[in-house]
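**Q** If you scroll down you'll find the structure; I have some questions about it.
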Amino acid sequence: IETNAEDNRIFKLVLLGDSGVGKTSLFLRFANDAFNDIFLPTVGVDFWDTAGQERFRSLISSHYRNAKGAFVVFDVTNLKSFENVTRWLQEINENSNNDLKTLLVGNKCDLTLKRVVDHAQAKNLADSLNILYVETSAKNTTNVELAFMSLISEIMPNQ
Ligand code: GDP
Ligand code: MG
């Protein structure tokens, strides 16, 4: 993905997390619902969705090249995906420079009956890592725009 080095309003975000947590769904929800938002015409965002390449770890460092922000996504109904958050964060540390802004996302919060990771548990992890935590549903749109705007605000605090 090309980024325009002369326009610092255009930047790349990466969506990380286990396969099936909803990365593609979050991106599509945001892109389809929110690109008409009054805020966004002034901001260009390049996305890198790993598109099912989660298993091809040797390719991964290229995903981080020039990225300004990362969503680490887990599925609140999938404990393993939450446990793997620390692995994704470790990978960020190994592959990116320090100014990559990171936000923890607990997706599928619409599935209240199947939930196995509660809000406090995830918030505690995020607090201990000094990153924000947002719970989303790509299905019913809950907090999807908030998650993207929160990360964008960390990258561009003066906008
Ligand atoms: P990815 O592998 O991380 O890109 O995950 P996908 O976006 O392909 O989603 C995996 C599955 O989870 C699909 O069947 C989606 O429809 C479903 N899914 C994604 N987000 C949500 C959500 O917020 N709520 C529910 N109930 N299902 C979701
Ligand atoms: Mg995907």
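**Q** Hey, can you grab everything whose amide H is under 5 Å from the amide H of THR142? Only 5+ residues off in sequence or another chain; H modelled, so Pro and N-termini drop out.
**A** SER137
**Q** Under a cut-off of 20 Å between alpha-carbon atoms, report the lysines in cross-link reach of LYS101, not counting same-chain residues fewer than 8 places apart.
**A** LYS12, LYS23, LYS68, LYS123
**Q** Could you calculate the contour length gain from GLN90 to ASN130, that is, 0.36 nm times the residue separation minus the distance between their Cα atoms, to one decimal place in nm? It would help to have the intermediate numbers written out before the result.
**A** Numbers: separation 40, 0.36 × 40 = 14.40 nm, distance 1.44 nm.
This chain segment gains 13.0 nm when fully extended.
**Q** Tell me, what HN-Hα J-couplings in whole Hz come from the Karplus equation 6.51 cos²θ - 1.76 cosθ + 1.60 at θ = phi - 60° for each residue of region 119-127, using x for Gly and Pro?
**A** Per-residue couplings from phi come out as 4, 4, 4, 6, 5, 4, 4, 4, 4 Hz.
**Q** A further question on this structure: With a 10 Å Cβ neighbour count serving as the proxy for reagent exposure, in which order, fewest first, do ASP75, ASP118, ASP99 appear? Present the calculation step by step, with values, prior to reporting the outcome.
**A** On the way: ASP75 24, ASP118 11, ASP99 8.
The fewest-first ordering by Cβ neighbours comes to ASP99, ASP118, ASP75.
**Q** Step through the residues of region 17-30 one at a time and calculate ³J(HN,Hα) from phi using the Karplus curve (6.51 cos²θ - 1.76 cosθ + 1.60, θ = phi - 60°), rounding each to whole Hz and writing x for Gly and Pro.
**A** Values, residue by residue: x, 4, 4, x, 6, x, 4, 5, 5, 5, 4, 5, 4, 5 Hz.
**Q** Then there's this: Find how much the distance from LEU113 to THR141 grows on full extension, using 0.36 nm per residue of separation minus their present alpha carbon separation; answer in nm with one decimal.
**A** 8.3 nm is the gain from fully extending LEU113 to THR141.
**Q** Return the long-range amide H neighbours of LYS101 (sequence gap of 5 or more, or a different chain), with a cut-off of under 5 Å between placed amide H atoms.
**A** Residues meeting the criterion, in which the H sits 1.01 Å from N, are GLY69, ALA70.
**Q** Name the residues whose placed amide hydrogens come within less than 5 Å of the amide hydrogen of VAL73, ignoring near sequence neighbours (fewer than 5 apart) on the same chain.
**A** Under 5 Å from the amide H of VAL73 lie the amide H atoms of LEU16, GLY17, VAL105, each far enough along the sequence or on another chain.
Each reported figure results from applying straightforward, stated rules to the coordinates on display, with no laboratory input. Remember, it's a predicted structure, so these values are computed and weren't measured experimentally. Neighbour counts run over all protein chains shown; Cβ positions are idealised from the backbone, glycine included.
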